[in-house]
Amino acid sequence: MDFVTILQAGVATGTVLLFATIGEIFAERSGVMNLGVEGMMLLGAMSAFSTAVKFGNPWLGLLVAMISAGLISQIHAFIAIQLQADQVVSGLALGFLATGVSLVLGEGLSKAGTISLLPKFSIPILAQIPVLGPIFFAHQSILVYFGYLLIPASWYYINYTRPGLNLRAVGEYPAAADSLGINIYRQRYFYVFVGGVLAGLAGATISLAIAPGWFSEMTTAGQGWIAVGLVIFAQWDPFRAAFGAYIFGALRRLILDIQGPMVLFGLKNPFYYNPYWGFFLQMVPYAFTIVVLVIGSREAIRKRIGAPAALGLPYIRGERGL
């Protein structure tokens, strides 16, 4: 078993989680929780693949995926921000809506044929670095390299720019931000849109680069839910999100590869001869996500791990407090 290959594939798979997680970090930093990430990713994957098939241009597919997911996220933004409805219920409804739209519009798309994929390439010199080079800088999609840039850029934006300061203020103490002239509603609408755009990018990464094609709801296979859990695991920090995303990506690839050989480390491979063990392994990442979400739902723990104080709370101008 080639662990370098597994880690290299894990970085590629983890890029999908990275985009979705950072997008949700932006949304939640503004105080809006969006549990529709899975649906937006599925819509992005379908839009990207169908556009690439029709026009023969994967770059156009990428753009359409980001715009379509960003636009549908505004339904949740309107309900949660303008109508001040429960964000959990609204986010789940958005997920069901986006999933339904994707499955209807994607009917028959799996038989559409092959497409031109987004390019893969190696970065000279960096790809020659022992161990790390082959994993991170050799034969990776251009979107993987974009992910490397997005991590420090989003971290710097949140922590060291004036718009980032406004973002944190809106998510922590919107009443104070409002008193300083920051438009709370506009900020929240914008960052929910950013979250949708990045979720669409995550979906497009799957269908145009990582696992090309359209496989109905199995295209995303629950990765949107893992991204929501990773936000809590990362404590709303892009660098921690990257660490978690790549680890999860490698774990998902390892689970697949470990079931293949009849002999593992010189012993009879139980995962090969007993498929139920393989099903159990595939369940582990999702079980971890459920545990993280349950723990993160407790108010005391959320405060301790640094959740935005106004997360999930509607802002009503003129009320005191949050």
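The values are calculated or read from the model by the stated rules, or taken from the named source; none is laboratory data. As the structure is a prediction and not an experimental result, all values here were calculated from the model. Because the Cβ atoms are built from the backbone with ideal geometry, glycine has one as well, and the counts that use them run over all protein chains shown.
Annotations
- Residue in the stretch 141-159 that is over 26 Å from ILE75 (Cβ atoms), of a type in the set (Val, Ile, Thr), more than 19 Å from the chain's Cα centre (by Cα) and not in a loop (DSSP other than H, G, I, E, B) present: no
Conditions tested, residue by residue: (1) surrounded by fewer than 20 Cβ atoms within 10 Å (Cβ to Cβ); (2) touching a strand residue (DSSP E or B) at 6+ places or on another chain (Cβ under 6 Å); (3) among the hydroxyl-bearing types (Ser, Thr, Tyr).
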| position | (1), (2), (3) |
| --- | --- |
| GLY133 | yes, no, no |
| TYR156 | yes, no, yes |
| GLY171 | no, no, no |
| ALA175 | yes, no, no |
| ASP178 | yes, no, no |
| GLY181 | yes, no, no |
| ILE184 | no, no, no |
| GLY200 | no, no, no |
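- Of everything listed in (1) surrounded by fewer than 16 Cβ atoms within 10 Å (Cβ to Cβ); (2) touching a residue at least 40 places away in the same chain (Cβ under 8 Å); (3) of a type outside the set (Lys, Arg), the single unmet condition for GLN128 is (2).
- Tally, over the stretch 224-242, of residues that are at pLDDT 90 or above, touching a Phe, Trp or Tyr at 6+ places or on another chain (Cβ under 9 Å) and not small (Gly, Ala, Ser): 7
- Checking each residue in the stretch 238-251 for being buried (at least 22 other Cβ atoms within 10 Å of the Cβ) and of a type outside the set (Gly, Ala, Ser) picks out PRO238, TYR246, PHE248.
- Residue in the stretch 218-230 that is more than 13 Å from the chain's Cα centre (by Cα), of a type in the set (Phe, Trp, Tyr) and surrounded by fewer than 22 Cβ atoms within 10 Å (Cβ to Cβ) present: no
- Test: residue in the stretch 138-148 that is touching an Asp or Glu at 6+ places or on another chain (Cβ under 8 Å), surrounded by fewer than 19 Cβ atoms within 10 Å (Cβ to Cβ), of a type in the set (A, V, I, L, M) and in contact (Cβ under 8 Å) with a residue 24 or more places away in the chain: no
- Among the residues examined, SER90 does not qualify as among the polar types (S, T, N, Q) and either part of a loop (DSSP other than H, G, I, E, B) or in contact with a Gly (Cβ under 7 Å, 6 or more places away or on another chain) (or both).
- Only listed residue being under 17 Å from ALA98 (Cα atoms) and at pLDDT below 95, chosen from ALA176, ALA202, ALA221, ALA209: ALA221
- Residue ID - nearest to ALA209 (Cα to Cα), chosen from residues in the stretch 80-92 that are surrounded by fewer than 18 Cβ atoms within 10 Å (Cβ to Cβ) and over 18 Å from the mean Cα position of the chain (by Cα): VAL89
- Residue under evaluation PHE55, criteria (1) under 23 Å from ILE226 (Cβ atoms); (2) surrounded by fewer than 22 Cβ atoms within 10 Å (Cβ to Cβ), criterion not met: (1)
- Comparison of LEU42, LEU60 shows that the only residue that is in contact with a helix residue (DSSP H, G or I) (Cβ under 6 Å, 6 or more places away or on another chain), surrounded by fewer than 22 Cβ atoms within 10 Å (Cβ to Cβ) and closer than 28 Å to PHE137 by Cα is LEU60.
- Verdict on SER110 being part of a helix (DSSP H, G or I) and in contact with a Ser or Thr (Cβ under 9 Å, 6 or more places away or on another chain): yes
- For the stretch 160-224, the helices (runs of 4 or more DSSP H) that sit wholly inside it and include 2 or more residues that are of a type outside the set (D, E, K, R), in contact with a Leu (Cβ under 9 Å, 6 or more places away or on another chain) and farther than 18 Å from ILE67 by Cβ are 162-172, 174-179.
- Look at (1) within 13 Å of the chain's Cα centre (by Cα); (2) in contact (Cβ under 8 Å) with a residue 24 or more places away in the chain and you find that PHE215 fails only one, number (1).
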